[in-house]
Amino acid sequence: MSSPVPPRPPAMAGAPAGGGPGQVAWGTGATTTVGVGRDDLVSGEAVALALPPANLGYRILSGIIDVVLGFGLWLFLWWLSFKVAIDANEAWRGTIQTLIPILAVITLPTAMETLTPGKTMGHLIMGLRTVRDDAGPIGFRHSLARALVGFVELYACLGLPALISAAISRKNKRLGDLLAGTYVIRDRHRIVEQRPIEMPPQLETWAVSADMAALPDRLAVLVRQFLGGRHDMTPEPRAYAARRLVFDVAPFVAPAPPTGAPFEDVLSAIMAERRRRDTERLVREAALRDRLLR
């Protein structure tokens, strides 16, 4: 159940975090705050790493390049087989003619996507990359699944199924992506790393001793984005946003901060302490993993 939202923004950005109409309910429940895109990933410091899918135009151009090169390689290998195996019997010629399309449009694309990783010739030219649905690098299994389905949807059907699937799917996925659990991103998309939130000295003692439940990713990112961009906001919207976020964060933190603590300082203290605890947890897990693997 979400905590109440005050009907009016406070007059000052530094208004206290407790008291007054719409009392903040600390440590009492969950929230319904939203603010992270469906294609965003969330780092350990609550920074949204936007990895938007490549748009349909880039995918079409990349696909055309791959299909043209695939057909060109197919024809070249077919011509080469006649030059090299001109004296071979019919059985050998049949075998070679069967292996040529497998080599040209399945084996080589699979090997290239696995080794790069996630790159085809079309991707290299257009600045794209194939990644897993969780944005991790793809492996052999993903590349093989994409190539096998691609033989049917790109070559046998001249790309029509791939075009329809990419046009109606949320991340512009062709059928091979749907089967492999992958999608294509702009590899040249630059991610700007944000500076860590600093702990307000006057709230450090409270934050270290407070009981903090895990914040939902969307809420954590919304707070992080507000703290990173608050200095560019005008006073009244900044004050309202700070108080609104304190109301949303409060159910996950107990006890309440000291009386009179400014909303923005409370949010900064929570995020800084969250980062410190996550860092310590990761260090402990790494140390335990090293001991177990010795």
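Peptides 260-273, 76-89, 221-234, 110-123: what's the order by average Cβ count within 10 Å, highest mean first?
260-273, 110-123, 221-234, 76-89
When the solvent-accessible surface of protein heavy atoms is calculated with a 1.4 angstrom probe, in what order do LEU163, LEU128, LEU154 fall, highest first?
Values: LEU163 80, LEU128 0, LEU154 35 Å².
Reading off the accessible areas and sorting them downward yields LEU163, LEU154, LEU128.
Once you order the gyration tensor axes a ≥ b ≥ c over the Cα atoms, which shape class does the stretch 182-294 get: rounded for a/c under 1.5, otherwise prolate or oblate by comparing a/b with b/c?
Oblate, because a/c is 1.5 or more while a/b does not exceed b/c.
Which ³J(HN,Hα) values in Hz, rounded to whole numbers, follow from the phi angles of the stretch 219-234 under the Karplus curve 6.51 cos²θ - 1.76 cosθ + 1.60, where θ = phi - 60° and Gly and Pro get x?
5, 4, 5, 4, 5, 4, 5, 5, 5, x, x, 5, 6, 9, 8, 6
Quick one: with all protein chains in place, what share of the accessible area of the stretch 233-288 is carbon or sulfur, to the nearest percent (1.4 Å probe)?
Here carbon and sulfur together make up 61 percent of the probe-accessible area.
Could you please put GLU198, GLU204 in sequence from largest to smallest accessible area, using a 1.4 Å probe?
Descending order: GLU198, GLU204.
Write down the accessible area per residue of the stretch 206-286 in Å², having rolled a 1.4 Å probe over the full set of protein chains.
Accessible area per residue: 45 Å².
Straight-line reach from LYS119: which aspartates and glutamates fall under 15 Å, measuring Cα to Cα and dropping same-chain residues less than 8 apart?
Cross-link targets: ASP66, ASP177, ASP187.
The values are calculated or read from the model by the stated rules, or taken from the named source; none is laboratory data. Everything quoted here is computed from the prediction, not taken from an experiment. Neighbour counts are summed over all protein chains in view; Cβ atoms, including those assigned to glycine, are modelled from backbone coordinates with ideal geometry. Note: accessible area is taken over every heavy atom of the protein model, side chains too, but ligands, DNA and RNA are not part of it. Shrake-Rupley method; radii C 1.70, N 1.55, O 1.52, S 1.80 Å.
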